[in-house]
Ligand code: NAP
């Protein structure tokens, strides 16, 4: 008997999660549901995270969660309870299948779309680390770790193996962000060597978006960083009939939380006309994760029979006239358990082997600092600022190499047309410098300029660990 933490959630949550629970129970699978609260009601009780201690304890105990959508009511709590849960349990992988559903007509019907997006879930720009560097310029940090890239790449390959899939492609923007997106691309290429049974490759993410609209059936598993995955997986949902069919799983080393992509759709709450398929398909993913393959297959087949053979469809597919209510649709699926839609099973599902990646620090055998980028708040003429900085370097171990504005060189020999802002990045080079040299330079600068922040120009194992400035 497996115990699962069940969070019904807000809005339509109780209807769609309730329908899924009823259908899973109807297969006879041995599950005990531990009902817990999170979301709007909890925020309103004054719990700032939206997740009470009893729910956290239940998740730690059971390790598997089936969750409905959660709301963050205006005026209560700063952060969403969803994000809190994902981060609290380091659920680093978000798996979103995008599969044509029999009986659900879309412009892509008949093309056999059956792909999975594996999205990194805790790093990247979505860490939400932001600063106004000056009153006129904002910054968001895109932090990507080598270990995080290895984990998500391995998860993608392991997931492919668990479903007998043939290929894994890494979608990235390493042509522009060579250091951050490049870290995923290079790490993915290293990891791919451990999976010779699976075809691998990479694609630039904007082309991937284009290909997903043009020929989505060409893909099997796609892995990508957080923001790219967020955008492309929503695009993918639209290819198969919309949010009513978009399932998802959040995977961590110790905890897995299964939740559909859609939110609480409050305007439909309590109306008994919402489509529970997305949560049901999420429940199917959960059953496979806990190795209840027969129950998962039985529900999937019953769902397909209901949609494609019996043509029992909810309002989001057929409109108001002739639509099945949520409860009628649920009962029809239960009535179809045991019937088959596909005579041949599409996939031979196996248990997902969670990757174990060391959290040890990545160590460089040899390191040096080539110089320092110092950001100055200044909207003066670049040439005049550049000359002043050059004379400030006299008597130090530094020389000014370039000044740039939003990544484009403005001094010396500027690019032709640059709209300047109030922030210059000034690149000072030297060799064999230490922190004392940098502090000395900052002190000299402080007398005349307002510096905002600095970045060391590290070289790790002989490789420059910083990007070149456009035009450098
Ligand atoms: P939403 O709840 O996903 O609803 C947007 C629209 O998607 C609905 O109006 C409906 O479209 C359609 N839809 C959603 N679920 C459906 C289903 N099961 N069957 C059929 N159609 C469905 O997005 P939202 O209105 O932006 O967000 C509402 C609340 O949910 C917000 O508080 C948000 O923060 C929260 N939210 C939570 C999660 C989560 O817990 N993981 C995720 C997203 C949003 P039509 O209007 O065209 O019928």
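Throughout, read-outs are computed from the coordinates displayed, never taken from laboratory work. Computed from a predicted model, the values in this text were never measured in an experiment. Cβ sites come from the backbone with ideal geometry, for glycine too, and all protein chains shown count toward neighbours.
Note on the chain: helix-only mean residue ellipticity at 222 nm, from DSSP H runs of 4+ residues weighted -39500 (n - 2.57) and normalised by residue number, equals -10000 deg cm²/dmol. Ranking of 47, 362 by neighbouring Cβ atoms within 10 Å, starting from the fewest: 362, 47.
For the range 336-415, divide the Cα radius of gyration by the Kirkwood radius and give the resulting Rg/Rh value with two decimals. Answer for the range 336-415: 1.51. With just the Cα atoms defining each centre, how far is the range 299-337 from the range 1-72? Give it in Å. Each part reduced to its Cα centre gives a spacing of 24 Å. On the principal axes of its alpha-carbon atoms, the chain has extents of 85, 52, 42 Å, going from largest to smallest. As a rough guide to protection, the peptides 283-294, 129-140 ranked by mean Cβ packing within 10 Å, highest first, stand as 283-294, 129-140.
Per-residue counts of other Cβ atoms within 10 Å, averaged by peptide: what ranking do you get for 377-387, 151-161, 175-185, highest first?
151-161, 175-185, 377-387
Each of 54, 189, 100 has some number of other Cβ atoms within 10 Å of its Cβ, and from fewest to most they run 54, 189, 100. Here the contact order of the chain, divided by its residue count and restricted to Cα pairs under 8 Å and six or more residues apart, works out to 17 percent. Normalised by the number of residues in the range 398-440, the mean separation of alpha-carbon contacts (under 8 Å, six or more apart) gives a relative contact order of 44 percent.
By the compact-protein rule of thumb, 2.2 N^0.38 Å, the alpha-carbon radius of gyration of the range 336-379 corresponds to a ratio of 2.97.
Give me 123, 90 sorted ascending by neighbouring Cβ count inside 10 Å, so fewest comes first.
Result, fewest neighbours first: 90, 123.
A straight line joining the Cα centroids of the range 229-246 and the range 405-472 runs 42 Å. If one takes the longest principal axis of the Cα atoms in the chain, at what angle in degrees, from 0 to 90 and to the nearest 10, does the Cα axis of helix 226-239 lie? Its long axis makes an angle of about 40 degrees.
With kT/(6 pi eta Rh) evaluated at 4 °C and eta = 1.567 mPa s, and Rh the Kirkwood radius from Cα pairs, the range 214-338 diffuses with a coefficient of 82 µm²/s according to Stokes-Einstein.
Quick check on the range 267-378: take the gyration tensor over C-alpha atoms, sort the square-rooted eigenvalues as a ≥ b ≥ c, and tell me if it's rounded (a/c under 1.5), prolate or oblate. Oblate is the answer for the range 267-378, as a/c is 1.5 or above yet b/c matches or exceeds a/b. Remark: spin-label model distance residue 309-residue 356 equals 4.4 nm, labels positioned 7 Å along the Cα→Cβ axis. Using C-alpha pairs below 8 Å separated by at least 6 residues, the relative contact order for the range 178-283 is 20 percent. Report, in degrees rounded to the nearest 10, the 0 to 90 angle that the Cα long axis of helix 435-446 makes with the longest principal axis of the chain. For 435-446 against the chain, the angle is about 80 degrees. Could you tell me which of rounded, prolate or oblate describes the range 204-288, using a ≥ b ≥ c as the square roots of the eigenvalues of the alpha-carbon gyration tensor, with rounded for a/c under 1.5 and, failing that, prolate when a/b is larger than b/c and oblate otherwise? Oblate is the answer for the range 204-288, as a/c is 1.5 or above yet b/c matches or exceeds a/b.
Could you work out how far helix 293-304 tilts from the main Cα principal axis of the chain, as a 0 to 90 degree angle to the nearest 10? Once rounded, the angle reads 80 degrees.
In terms of the Cα gyration tensor, with a ≥ b ≥ c the square roots of its eigenvalues, is the range 1-64 rounded because a/c is under 1.5, prolate because a/b exceeds b/c, or oblate?
Here the range 1-64 falls in the oblate category.
Calculated from the alpha-carbon coordinates, the range 397-472 shows an Rg and a Dmax of 13.3, 37 Å respectively. Per residue, the convex hull spanned by the alpha carbons of the range 320-472 comes to 324 Å³.
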